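The values are calculated or read from the model by the stated rules, or taken from the named source; none is laboratory data. What you see is a predicted model; the values in this text were computed from it and never measured. Methodologically, a virtual Cβ is constructed for each residue, glycine included, from the backbone with ideal geometry; neighbour enumeration extends over all protein chains shown. With ligands, DNA and RNA removed, areas are computed over all heavy atoms of the protein, side chains included. Shrake-Rupley method; radii C 1.70, N 1.55, O 1.52, S 1.80 Å.
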Amino acid sequence: MEWETVIGLEVHAQLNTRSKIFSTSKTAYGAPPNTQANVVDAAFPGVLPVLNREAVRMAAQFGLAIGATVHRRSVFARKNYFYPDLPKGYQISQYEHPIVEHGHLAITTPAGEKVVGITRAHLEEDAGKSLHEDMNGFTGIDLNRAGTPLLEIVSEPDMRSAAEAVAYLKTLHTLVRYLDICDGNMQEGSFRCDANVSVRPMGQARLGTRAELKNINSFRFVERAIDYEVRRQIAVLSSGGQVRQETRLYDSARDETRSMRSKEEAHDYRYFPDPDLPALIVSEALMAEATLAMPELPDAKRRRFSAQYGLSAYDAGVLASSRELAQFYEDVVAAGAEPKLAANWVTGELAARLNADGLDIADTRVAAPALAGLLRRIADGTVSGKAAKDVFEAMWTGAGDADAVIDARGLRQVSDDAAIEEVVRQVIAANPKQLAQYRAGEEKVFTFFVGQTMKASRGKANPAKVNEILKRLLAP
Amino acid sequence: MNAEEIEKVAHLARLGLGAAEREGYARELSRILDLVSQMNAAATEGVEPMTHPDAAGLRLRDDVVGPEIDRDRLLAGAPLTRDGLYLVPRVIE
Amino acid sequence: MTLTITKIAEDLAAGRCSSRELVDDALARIRAHASLNAFITVDEDAARRDAEAADRARHAGGAGALTGVPIAHKDIFCTMGVKTTCGSRMLADFVPPYDATVVRKMKAAGCVMVGKTNMDEFAMGSSNETSYFGPVRNPWDRDRVPGGSSGGSAAAVAARLVPAATGTDTGGSIRQPAALCGITGLKPSYGRVSRYGLIAFASSLDQAGPMAQTAEDCAHLLAAMAGFDEHDATALDVPVPDYVAGLGRDLKGLRIGVVAGHFAQGVEPLVAEAVREALREYERAGAVLVDVTLPNSAHAVPCYYVLAPAEASSNLARYDGVRYGFRAPEYQDLEDMYKKTRSQGFGPEVKRRIMMGTYALSAGYYDAYYVKALRLRRLIADDFARAFEHCDVIAGPVSPSTAFALGAKNTDPVSMYLNDIFTIPVNLAGLPAISLPAGFAGGLPVGLQLIGRYLDEARLLNVAHRFQQVTDWHTRVPAGF
């Protein structure tokens, strides 16, 4: 039987506000335990939540960016359950009335462009962390993360393969960083993903029973976890079994998913409107702020790069994948570099160097105007592309600007016809045997002469000119 | 309310009840539910639920970090702590 | 200490007494009448220290209206460094690391706290009998309850242990004990006073307010307590009027709404008669009585006993033995720790309400109970809005009876709940209301309730004050005090 995979994703994006969603504690990652929790975060008797306006602004902006409805009135509810890292005994979250609904995101898959529906996005607070390691039979509770604002983004079950799920996630990841509402750090848990996965016989309208996969904290693991789960479900169904609706944990070490609970506890979260928080009204002023702060979005930028700079879809996509990278690229072009050459260098040499050094574009050691300076020297023939790579390396290690490096190292390309002709004559004179071979029709000997000429010119001869002059002088 | 319902609700509320308590609550809660069921005499179709006094609006705060509390003070009243962490019996995942 | 705050402030300003003397006197009276059990915590040294600081501030010329005035706080308000129990074993040793906004503001106004008053556990009760620290006795008759939940504050003021105290009111917890103890107590509009640091019972109903001998004193105290607070998103950012300045306005033409039913349904005849006599007094002062109806208030008690327990069941989930407060001494695992901690840390009435609230919110019952009650709440509030088209205040009894005997109602929670039939609708609608002494029935105080329009505390204080200018019920002190 042929099976169809159906995937919906729930993403928890930590909003990068300075303070928490309902308290004034800091939100920075990695502080010593319980040093970024105050009486509100630790749910002391008598404390009250006061909503962070910036978190609301970010949620509204996300809603605008995905073409969604941003509800002017939304409601915070309490989700009640006991857990040691949930200090109040309830999580404040939006339930019946989320701030954002009915959005969509266009993704690019090998099969072409596809639009994924976004059911809703709502504001909620993160829980603290439970630490089980090295506690001698205890669990330690750290509340630093408790109260960090989260935007939970719930997609429609629109994805049909693990690859599509990853494409959606990457697109969403790019978007939240573009909007500067989430740092996207998956290792630190700033961008977390749960996947609802089911399979059904191809052509069946009804959805199969789904499993919810938790703990998938990298794009690679998302793909692997879904692939494993799809194989598992197909195996279960093919052998006449039934898929259980359950939560499963992805174990990256074993590359498998496994059921989280031996017996499913019946949850009854007793959601009800939070009596401490009357309805959230998003004002016109706040909407205007969100609209004004809206940057050019990745999709629009990608399309503009192709049209304006004549870039390939691929290069435009890579450059538009990060707001900072795109800005850097446009700075290079603005400083006088040829757009296509600039795209090659930014996505090639520069990206490789950043990657090798583990740096972000913000930390580049060759600034945009400096790179443009080098690219202008390639374009005007001052240096060869090959020599330019050496110049770039030198610039990276702080040897100065392109012109200074070229001069200091004598890398200026020789384009003077007479000078090159002189070298070519010497090379031909020194290699009569190869000359005879060439003239007898062995054309591949030509490259030998090119090599010898370049060697004799210590790499500085303009290759185009060398080719032209050799052709002329070697001719019988 | 019967004993089974009482036990279910007590579990949701994490209240450990003895047999006698369960019986007592079953009796009292049934009486309270009788009182509460008088609400049914009121026609409420189409009435908008009121969660807060109407004038109460949700005021927002600016995204500003406030004063910190010293961790020792935060943890001073905790029944069990170690190395700045609250301790609870091991949670089995 | 039979002086009002108004008089004390004058004496302090004129140098006729010092804060230290007043505080010493209060402490001596608290000690002498410890058998009332009105206080849970008294820190004599701290109170004297603060009184001396107030005296120094006064000498240095930095005195405000209330500088050096001794007061007590209900033990529901968090006080930094001072044990705050909320009347519960769960918090029997809890020392907050912060001050409630009400506490902070009253400190800033110069008040000196002499102690924390007894109360029903987590404010759940109408008799003060649910306190982990034992019941408070009514100064008018020690075999009777003072009312609740702010019973300790009411008894302390009635016995003149302190000139004033704070209270909180979720379904009548300021007004009913004020009535049963013969003092004046004001429940402000929801949002008028910050709830930050007030240990939550039912968040959409809780309000803090003053309890004192007179409406004039309440005006001084409310001025100190009220106003914007960055820590409470529901505290209104609106100007606080000058409550004292408005006290003297005469009442000619004032329209007083009267609900016929408030003199029927189980109201003791002598209570009804005292309230009627108070209304006649108002007529003599030029007010006009207007018949109004509040038909849906008949359902207010059932409505309240869904909503308040529902909110409480969630508000009290934080008492889990992890971060502060009581943890059961022995347990097997996490679940067992939760269950033992909560069943041992909470008393029977609190557990009853947590059970009721959990049930009302649970799957399958939410719409029938919780949502139904929310709709009813709207109807109850709408009734008030309609009534206030025809009147300026609504007057009636606070409670259907005078103080009842200790133990009389604690075998039957429902009969206890029905005691709050006249006070509960006000909380559901979020309105302000004041309870003031209006006579006696069988030697026990009777309270008159005046309900006002939203944020119209100034008028309530004015209307109550004028009554106290022509009556002396509020000056009566129980024998032996």
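The lysines whose alpha-carbon is closer than 30 Å to the alpha-carbon of residue C:372, local same-chain residues fewer than 8 away aside, are A:79, A:88, B:8, C:187, C:351, C:409.
Spacing of the modelled spin labels on residue A:238 and residue B:45, each 7 Å from Cα toward Cβ, amounts to 5.6 nm. What does the C-alpha gyration tensor say about the overall shape of segment B:6-84? Classify as rounded when a/c is under 1.5, otherwise prolate if a/b is larger than b/c, or oblate. Because a/c hits 1.5 or more and a/b fails to exceed b/c, segment B:6-84 counts as oblate. The heavy atoms of residue A:6 present about 0 square angstrom of accessible area, all protein chains included, probe 1.4 Å.
Buried surface between chains C and A: roughly 2700 Å² of accessible area, summed over both sides, computed with a 1.4 Å probe on protein heavy atoms only.
Magnitude of the Cβ-charge dipole of the protein assembly as shown, K/R +1 and D/E -1, about the Cα centre, nearest 20 debye? Before the final figure, lay out the partial values.
Working: 117 positive and 131 negative charges, 189 e Å.
Dipole magnitude for the protein assembly as shown comes out near 900 debye.
Only protein atoms count toward the accessible area here, which uses a 1.4 Å probe; on the protein assembly as shown, the carbon and sulfur part of that area reaches 50 percent.
Please give the charge dipole size of chain C, origin at the Cα centre, charges +1 on K and R Cβ atoms and -1 on D and E Cβ atoms. Round to the nearest 20 debye. Before the final figure, lay out each step's value.
Values: 49 positive and 52 negative charges, 17 e Å.
Taking the Cα centre of chain C as origin, the dipole is about 80 debye.
Annotation for segment C:176-212 versus segment C:87-163: alpha-carbon center distance of 12 Å. All other residues whose Cβ lies under 13 angstrom from that of residue A:380 are scored, Lys and Arg at +1 and Asp and Glu at -1, for a net of +1. Give the interface area between chains C and B as buried accessible surface, both sides summed, probe 1.4 Å, in Å² to the nearest 100. Its buried surface, counting both partners, is about 5200 Å².
Leaving ligands and nucleic acids aside, the B/A contact buries around 3700 square angstrom of accessible area in total at a 1.4 Å probe radius.
Does anyone have the angle between helix B:19-36 and the longest principal axis of chain B? Alpha-carbon axes, 0 to 90°, nearest 10? On a 0 to 90 degree scale, this one is about 60. Only one residue of A:185, A:426, A:308 has its Cα farthest out toward the positive end of the dipole of chain A, where Lys and Arg carry +1 and Asp and Glu -1 on Cβ, and that residue is A:426. Residue C:168 exposes around 0 Å² of accessible area when a 1.4 Å probe is run over every protein chain in place.
On a per residue basis, the protein assembly as shown carries 38 Å² of accessible surface, using protein heavy atoms and a 1.4 Å probe. For segment C:5-56, the Cβ-based charge dipole about the Cα centre amounts to some 100 debye (Lys, Arg positive; Asp, Glu negative; other atoms uncharged).
Each of C:432, A:371, C:469 was placed along the dipole of the protein assembly as shown (beta-carbon charges, centred on the mean Cα), and the one lying farthest toward the positive end is A:371. Solvent-accessible surface, computed for protein heavy atoms with a probe of 1.4 Å, shrinks by 40 Å² or more for the following residues of segment A:278-306 when the other protein chains are added to the isolated chain: A:278.
Would you give the gap between the C-alpha center of segment A:414-472 and the C-alpha center of segment A:164-185, rounded to a whole Å? Here the two parts' Cα centres lie 53 Å apart.
Annotation for residue A:456 and residue A:386: the two label points, set 7 Å from Cα along the Cα-Cβ direction, are 1.6 nm apart.
Between residue A:431 and residue A:360, the modelled label-to-label distance comes to 5.1 nm, taking each label 7 Å out from Cα in the direction of the beta carbon.
Residue order by solvent-accessible surface for C:267, C:477 is C:477, C:267, largest first, with ligands and nucleic acids left out and a 1.4 Å probe.
Which is farthest toward the positive dipole end of the protein assembly as shown among A:199, A:141, A:294, measuring Cα position about the Cα centre, with Cβ charges +1 (Lys, Arg) and -1 (Asp, Glu)? The listed residue farthest towards the positive side: A:199. Residue order by solvent-accessible surface for A:74, B:37 is B:37, A:74, largest first, with ligands and nucleic acids left out and a 1.4 Å probe. Mean projected area of the convex hull spanned by the Cα atoms of segment A:296-408, taken over all viewing directions: 6.5 nm². The Cα trace of segment A:68-182 gives Rg and Dmax of 17.5, 53 Å, the first to one decimal, the second as a whole number. Put A:113, C:335, A:229 in order of accessible area, highest first, and with a 1.4 Å probe you get A:113, C:335, A:229. So how exposed is residue A:207, as accessible area in Å² (1.4 Å probe, rounded to 10)? Spelled out: residue A:207, probe radius 1.4 Å, area about 90 Å².
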